[in-house]
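Quick note: the coordinates plus some simple rules give every number you see, no bench work behind them. Computed from a predicted structure; not experimentally measured. Glycine gets a Cβ as well: all are built from the backbone with ideal geometry, and neighbour counts include every protein chain shown.
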Amino acid sequence: MRNKQNEISLLKHSGGYTLLEVLLAVTIIAIGVLGAAGLAGTAIRSSFHSQSITRSVNLAQDRIESLQSVDYENLELDDTTGRADLRRDCSGPTGPASRPVYTCTPTTSTITIGDKPYVWSYTVIYIDLDNNGTANPTADKLKRIDVTVTWTDALWQTQKSTTVTTFRSKG
């Protein structure tokens, strides 16, 4: 008789899950899925941002390599007849005599990579190597070139930029 009661008791409790257990399980799964979806959105935004930064750095490096074809003496001068991708309008100098800065804007400054436009420009800064208070590109023989690439971030609708720096010496 006792075995019969235990058997009946087991049958009553092993019939399945209660509605409360099912609702609790569904709630826990929903919280996990929503958390994962939030992380996926963040990962996608970070991926697009990283891709834009990588493209801008690669473009800046490419422009620095292209500027290697420009004579040392002409880096900060207007050029309307040379290579089409390096034609530019330059202004300056600004700043002190020990560090004059020339700002150059290429006439074809917008380059589209993928579906995103990137705008590049550069500055040339004379370096006063002998520290006499006047930077002279002929005597000091060193110029710093900063190539800046700017774009609009599609997700945050803000202006972003990357700057890559190199030095050119005469000779």
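Whether a residue is of a type in the set (A, V, I, L, M, F, W, C), on the phi < 0 side of the Ramachandran plot, over 21 Å from the mean Cα position of the chain (by Cα) and surrounded by 13 or more Cβ atoms within 10 Å (Cβ to Cβ) was assessed, and LEU34 does not pass this test. Taking the numbered list (1) within 20 Å of GLN61 (Cβ to Cβ); (2) touching a residue at least 60 places away in the same chain (Cβ under 8 Å); (3) in contact with an Asp or Glu (Cβ under 8 Å, 6 or more places away or on another chain); (4) not aromatic (Phe, Trp, Tyr) in turn, PRO137 passes all entries but (1). Do we find that ALA43 is over 17 Å from the mean Cα position of the chain (by Cα) and either assigned to a loop (DSSP other than H, G, I, E, B) or free of Cβ contacts under 8 Å to residues at least 60 places away in the same chain (or both) in this structure? When the stated conditions are applied, ALA43 does not pass them. Out of the residues in segment 81-130 that are in contact with a helix residue (DSSP H, G or I) (Cβ under 9 Å, 6 or more places away or on another chain) and outside any strand (DSSP E or B), state the one that is nearest to VAL147 (Cα to Cα). Filtering segment 81-130 for residues that are in contact with a helix residue (DSSP H, G or I) (Cβ under 9 Å, 6 or more places away or on another chain) and outside any strand (DSSP E or B), the one nearest to VAL147 (Cα to Cα) comes out as LEU86. The single condition from (1) touching a Cys at 6+ places or on another chain (Cβ under 9 Å); (2) surrounded by fewer than 18 Cβ atoms within 10 Å (Cβ to Cβ) that VAL124 fails is (2).
Just to be sure before I move on: is SER109 in contact (Cβ under 8 Å) with a residue 24 or more places away in the chain, surrounded by 13 or more Cβ atoms within 10 Å (Cβ to Cβ) and within 21 Å of the chain's Cα centre (by Cα) in the structure I sent? In short, no.
Table: residues versus (1) small (Gly, Ala, Ser); (2) touching a strand residue (DSSP E or B) at 6+ places or on another chain (Cβ under 7 Å); (3) closer than 24 Å to PRO117 by Cβ.
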site: SER46; (1), (2), (3): yes, no, yes
site: SER52; (1), (2), (3): yes, yes, yes
site: SER66; (1), (2), (3): yes, no, yes
site: LEU75; (1), (2), (3): no, yes, no
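Taking the listed residues VAL119, VAL101, the one that is more than 21 Å from THR54 (Cβ to Cβ) and in contact (Cβ under 8 Å) with a residue 12 or more places away in the chain is VAL101, with no other qualifying. I'd like to check something: does segment 157-169 contain any residue that is surrounded by 14 or more Cβ atoms within 10 Å (Cβ to Cβ), more than 15 Å from GLU76 (Cβ to Cβ) and touching a Pro at 6+ places or on another chain (Cβ under 9 Å)? Within segment 157-169, not a single residue is surrounded by 14 or more Cβ atoms within 10 Å (Cβ to Cβ), more than 15 Å from GLU76 (Cβ to Cβ) and touching a Pro at 6+ places or on another chain (Cβ under 9 Å).
When you scan segment 139-146, do you find a residue that is in contact with a Gly (Cβ under 9 Å, 6 or more places away or on another chain) and either part of a loop (DSSP other than H, G, I, E, B) or crowded, with 16+ Cβ neighbours inside 10 Å (or both), even just one? Steps first, answer last, please.
Taking segment 139-146 as the starting set, the residues that turn out to be in contact with a Gly (Cβ under 9 Å, 6 or more places away or on another chain) are 141.
Still in the list and also either part of a loop (DSSP other than H, G, I, E, B) or crowded, with 16+ Cβ neighbours inside 10 Å (or both): 141.
Scanning segment 139-146 turns up at least one residue that is in contact with a Gly (Cβ under 9 Å, 6 or more places away or on another chain) and either part of a loop (DSSP other than H, G, I, E, B) or crowded, with 16+ Cβ neighbours inside 10 Å (or both).
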